[in-house]
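Please treat every number below as a calculation from the coordinates, not as lab data. Everything numeric in this text was worked out from a predicted model, so none of it was measured. Note that we place each Cβ from the backbone using ideal geometry, even for glycine, and neighbour counts take in every protein chain shown.
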Amino acid sequence: MAARCLRSGLGQLFATRTALGRGRRAYNTSQAFAEVLRLPSKQLTKLVFPLQELERHLVPGSRPDFHLKTFDPSLEDIAKSDGVFTATVRNRIEYLSSAVSLDHAPDLLCPEVCFIGRSNVGKSSLIKALFSLAPEVEVRVSKKPGHTKKMNFFKVGKYFTLVDMPGYGYRAPEDFVKMVETYLKERKNLMRTFLLVDSVVGIQKMDNIAIEMCEEFALPYVMVLTKIDKSSKGHLLKQVLEIQKFVDTKTQGCFPQLFPVRFLLSLLCGIFILFLPQPNSTLDHSGSENFLHFK
């Protein structure tokens with residue numbers, strides 16, 4: 001898996017925003033993202049690029065290993081990709097099926113990405129936000145942890161299939177380990193795993209088990225930090241630095257950059273970044289990578 005080089009400088013970021021707002025657009029953006037583009041520059045940066053906002057609180061040069069430039073899409077790229085999760089006649093986004101084991105999973109040829117995380121980490125909420133431009137797709141979000149009991153498969157146009165895995169930990173299915181381990185190990189078209197970690201509490205014992213499975217099976221995976229709006233900046237920065245150190249020193253298959261996400265209740269939308277998997281892609285950080293970003 002590879003990451004595209006940074007289009008350096010916030011100057012370009014704001015220039016891109018200006019360009020998006022004038023003249024005839026070559027593409028459409030969702031109403032939610034258009035609202036984000038109208039935010040003041042400082043608030044926009046904080047919202048869309050939270051790691052850059054956190055970087056301001058570090059002593060310059062004190063953490064050269066803090067990966068902010070590995071994957072840094074421009075606003076133009078983000079806007080272009082907005083349509084990937086927008087349901088249209090030509091871009092069908094729909095629930096396919098559920099399965100309690102790999103034997104019952106749909107036989108699909110397109111690339112697959114899966115979301116996995118501890119119970120109550122915010123996985124269903126994130127997936128629901130991703131499908132906010134596909135109103136016919138129902139993703140149930142429960143206040144009680146452990147609501148998801150099966151692997152749920154969703155078709156995202158011609159691009160890929162998204163798989164919502166049951167949460168581990170509290171109220172996890174009795175056969176959770178067998179279900180998830182078999183899927184991660186044997187699913188041939190699985191191209192990327194998104195491992196969600198609660199940024200408030202950091203990496204827990206159960207998270208380590210999931211990380212060990214990804215490492216053992218040589219799976220390219222991304223660590224997504226949820227609930228970044230639930231902590232003070234100081235606590236969040238401490239957690240980010242600790243998790244970044246863990247990724248740098250304890251993992252081989254994890255993408256080097258963390259992906260923090262927050263829920264934008266005031267905008268009725270969420271901003272999240274995904275990688276668009278390509279067949280036979282590997283965890284090579286030197287090439288180019290397509291990505292998706294939404295809502």
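If amide H atoms are built 1.01 Å from N in the plane of the peptide, which residues on other chains or at least 5 residues away come under 5 Å of the amide H of residue 93?
88, 157
Would you please give the FRET efficiency between residue 218 and residue 41, computed as 1/(1 + (r/R0)^6) with r the Cβ-Cβ distance and R0 = 41 Å, to the nearest 0.05?
Computed FRET efficiency for residue 218 and residue 41 comes out at 0.50.
What shape does region 93-137 take by its C-alpha gyration tensor, where a ≥ b ≥ c are the square roots of the eigenvalues and a/c under 1.5 counts as rounded, a/b above b/c as prolate, and the rest as oblate?
In terms of gyration-tensor shape, oblate.
Could you pull out every residue, at least 5 positions away or on a different chain, whose amide H is within less than 5 Å of the one on residue 168? Hs are placed 1.01 Å off N in the peptide plane, and Pro or chain starts have none.
Those qualifying (amide H under 5 Å, at least 5 residues apart or on another chain) are 117, 118, 119.
Take the alpha carbon gyration tensor of region 167-239, find the square roots of its eigenvalues, order them as a ≥ b ≥ c, and report rounded if a/c is under 1.5; if not, report prolate when a/b exceeds b/c, else oblate.
prolate
In nm, to one decimal, how far is the modelled label at residue 158 from the one at residue 205, with both set 7 Å along Cα→Cβ?
Roughly 4.9 nm, to one decimal.
Rounded to the nearest 0.05, what FRET efficiency do residue 230 and residue 138 have when you use their Cβ-Cβ distance and R0 = 25 Å?
Calculated value: 0.45.
If I model a spin label as a point 7 Å beyond the Cα along the Cα-Cβ vector, how far apart are those points for residue 181 and residue 109 in nm?
Those two pseudo-labels are separated by 3.3 nm.
Hey, got a sec? Which GluC sites (Glu not before Pro) in region 160-252 land in a DSSP loop and have at most 16 other Cβ atoms within 10 Å?
Listed in order of number, the matching sites are 174.
For the residue pair residue 96 and residue 250, what label-to-label distance in nm results when each label sits 7 Å from Cα along the Cα-to-beta-carbon direction?
So the two model labels end up 3.3 nm from each other.
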